[in-house]
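Here the structure comes first, spelled out in structure tokens, and everything after it is commentary.
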Amino acid sequence: MRIPCPEKMKNGLTVVLTLKGRHLHTLRWLWHANRTRLPFHVVIADGEVHPTIDRLLSNPLTFPDLSYEYHRYEDRSLRDYYCKKADALGKVRTPYVMMMDNDDFPLPFGIGKAISFLESAPDYVCAGGGIPGFKLGAGANDMPNVTGALNRVCYRYIANQWYRCRDFDSSSASERVVEEIRNPLSVHYNVYRTSERNTIAGDIVAINPCLSLCEMFAAMRTMTLGKVKSDSSYFIYFRQQGSSQFLGYSKDLIDDILLSNLAEDFKLVAAKVADEAARADSCKPDWIKDQIYHAYADQLRMMLANTVLRYRFPRLFAARQVFRGLPRPGLPAVLRRKLNWKRIWQRLAADGADQDSISAHIAEMRLIEGTLQDDAFSRFVVSSAPELMACP
């Protein structure tokens, strides 16, 4: 374990970086954080310890400009994963915390904005901003899906309601919960007050829900604990597309229904959220539980409709997949990236960002592009961890 540098914890936030595999992504994240002198302490919770990662992180000279501590776990089951997160969160000593994955990049300027907001708004449990997404192209000298030129940049990681910034500022916990289950907002990567994030993690360990319900429960439980800020005038996180892990997720809803405890887990989730919201509002939980049931039932019906298309009409489904994969004429990659960035900065300005904020984000994105495209990171891997080149 590396001893953190106190001066690097001045912002009051700790990053909890959860790992399981994707070792080159882990090194990319840490190398970039060290290169840019990430101004936050990092608690690394590794659920699949690789001897090379262990060796490098045990040497304080590997990343001398990064404040971190490295903890080893073994994610043999979903419960192990939940317990790992809860244990890692229990090690946080700062008032604010943020969860991160090793294939994405933090954006400290926006994170600082979220911290400043929480310091001035004690009735808010967490705060976040926009989450743009990127996809990497493939080059002859690149590490696939780890380095390379940006092939695509988008304003929101996914263009749906989950990533559309909006506040949940009702004074009623029940109303916030119902709004979240009817029109979900992704809050997983928000800046949280540490005590509340620990409460949620402890509840997840106690309930041990199937993974398809975990994020939904965490978001609703967040709404029972306080208001949520989601400000579109700044970015907090840059998510990579096409690199996510789906360990524990079923590719088929039928498997979730038949092979997991989906129904029983949902009852536990709904009851816990309804009870906590009712306690906060001094009311009865029955109406809240009923609203959660109906909203989730509607979501399941939509998922079942997609399943029917896939299995009742397999040729139609296969044809749609082929059509989606066909190459489409477009602009050269360099010009397309330039236009994408221009649209992003125009959109950010339209959402209230001033020029100083936009300039700060442009500087952060250029640093990320440097990590992805320059050969310095590749040289680091070749010299320090060549054995990982064959198994990203």
Out of V205, V43, V177, a Gaussian network model of the chain with alpha-carbon springs under 10 Å gives the largest mean-square fluctuation to V205
Considering amide H positions built from the backbone, and no H for Pro or chain starts, which residues 5 or more places from G129, or on another chain, come under 5 Å of its amide H?
D231, I236
In the chain, what % of DSSP beta bridges are antiparallel (nearest 5)?
30
Ranked from fewest to most other Cβ atoms within 10 Å of their own Cβ, I257, I181 fall in the order I257, I181
Distance between modelled label sites at A121 and D54, nm, 7 Å Cα→Cβ extension:
4.4
Sort H25, H71 so the one with the fewest other Cβ atoms within 10 Å of its own Cβ comes first.
H71, H25
Of R93, R28, R197, which has the largest mean-square fluctuation in a 10 Å C-alpha GNM of the chain?
R93
Interchain or long-range residues, amide H under 5 Å from K227's placed H:
Y124, V125
Structure-based [θ]222 nm, the chain - -39500 (n - 2.57) summed over DSSP H runs of at least 4, per residue, nearest 500
-16000 deg cm²/dmol
Computed D for segment 1-102, Stokes-Einstein, Kirkwood radius over alpha-carbon pairs, 20 °C, 1.002 mPa s, to the nearest µm² per second, is 158
DSSP-defined beta bridges in segment 1-102 - what % are antiparallel, rounded to 5:
5
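Work out which helices of the chain, taken as complete DSSP H runs, extend at least 15 Å along their axis over the Cα atoms and score a mean Kyte-Doolittle of 0.5 or more, then list them. Present the calculation step by step, with values, prior to reporting the outcome.
On the way: long enough: 23-35 (18 Å, -0.88); 78-89 (17 Å, -0.68); 108-120 (18 Å, 0.68); 194-207 (20 Å, 0.26); 211-225 (22 Å, 1.05); 262-281 (28 Å, 0.08); 286-312 (37 Å, -0.49); 314-325 (17 Å, -0.15); 333-350 (25 Å, -0.51); 355-373 (26 Å, -0.07).
In the chain, the long hydrophobic H runs are 108-120, 211-225.
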Anchor K284: aspartates and glutamates whose Cα lies under 14 Å away (excluding residues fewer than 8 positions away in-chain):
E175, D275, E276
Binning at 20 Å from 0, report for the chain what percent of all alpha-carbon pair distances ends up in each bin.
25, 59, 16, 0
For M99, other-chain or 5+-apart residues with amide H closer than 5 Å (H placed, Pro excluded) are V16
Across segment 58-63, in residue order, what do the Karplus-derived ³J(HN,Hα) couplings come to in whole Hz, using 6.51 cos²θ - 1.76 cosθ + 1.60 with θ = phi - 60° and x for Gly and Pro?
7, 9, x, 7, 5, 10
Applying the Karplus parametrisation 6.51 cos²θ - 1.76 cosθ + 1.60 with θ = phi - 60° to the phi angles of segment 51-56, what ³J(HN,Hα) value in whole Hz is obtained for each residue in order, glycine and proline being reported as x?
x, 5, 4, 4, 4, 5
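All of the numbers you see were taken from the coordinates with simple rules; none came from a lab. Note that this is a predicted model, so its numbers are computed, not measured. Quick reminder, even Gly has a Cβ in these numbers, built from the backbone with ideal geometry, and neighbours come from all protein chains shown.
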